[in-house]
Amino acid sequence: MQDWGKAYQIASYQSGLRSLGLELGEADLSTCVEAFKRSVLSGFRAYDDVEPVLTVLAQSFRLGIVTNGAGDLQRAKLEAMGIGRFFEVIVASTDADVGKPHPRVFTLALEGLSVEASHALMIGDSVSRDIDGARAAGIDAIWLDRGDEAWPLSDAEVTPRVRRRPPAYAP
């Protein structure tokens, strides 16, 4: 899937440029793609609470990421935001040939961290992809509610959200 992901990216750029009446050769297209990626990456910012929380978590836990994005782009985004250093393992759907919520992508992350599902915890902002996927892989999960998604009807237990940061996480 990784090769398909890169081919898809190139085809997408070609299609977009053609819609503007532009036809680029391979070298020019590669230059265009890299310039676009640099431009996009410069705009990524982590939420203000991310780095302080990751700093605390990384002191006691091994951290990994499971993402449905293209692996190379997701790794570049993490570095651009200055938080890539916290993660020992990054499993992207383009690397795994499956995406969230498929349990296999979560299992690959566990294997990369050498951690059993019963000793792992998934923190994610998508109920259907992160929470349901982790639970299908036998991993407990916490939904990080950033206000983008309503909690669907589910058999999962819902704990009221914390409305303020605990003192241990204060920057």
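The values are calculated or read from the model by the stated rules, or taken from the named source; none is laboratory data. Keep in mind that this is a model prediction, so the values were computed, not measured. A quick note on method: Cβ atoms are made from the backbone with ideal geometry, for glycine too, and the neighbour counts reach across all protein chains shown.
I'm trying to understand the selection: among the residues of the range 34-64, which are within 21 Å of residue 129 (Cβ to Cβ), of a type in the set (Phe, Trp, Tyr) and surrounded by 13 or more Cβ atoms within 10 Å (Cβ to Cβ)?
44
Just to check your reading of the model, which residue among 67, 31 is surrounded by 10 or more Cβ atoms within 10 Å (Cβ to Cβ) and free of Cβ contacts under 8 Å to residues at least 12 places away in the same chain?
31
Just checking, which of 90, 139 is among the β-branched types (Val, Ile, Thr), closer than 23 Å to residue 46 by Cα and at pLDDT 90 or above?
Exactly one residue qualifies, and that residue is 90.
Any residue in the range 104-117 that is closer than 9 Å to residue 91 by Cβ sitting within a Cβ distance under 8 Å of a residue that is surrounded by 20 or more Cβ atoms within 10 Å (Cβ to Cβ) and of a type in the set (D, E, K, R)? List the pairs, counting only those 6 or more apart or interchain.
Short answer, once both residue conditions are applied: 106/100.
Hey, among the residues in the range 27-71 that are in contact with a helix residue (DSSP H, G or I) (Cβ under 8 Å, 6 or more places away or on another chain) and assigned to a loop (DSSP other than H, G, I, E, B), which one's farthest from residue 125 (Cα to Cα)?
Here the residue is 42.
Taking the range 72-128, which residues are among the hydrophobic types (A, V, I, L, M, F, W, C), part of a loop (DSSP other than H, G, I, E, B) and more than 19 Å from residue 56 (Cα to Cα)?
Matches in the range 72-128: 98, 115.
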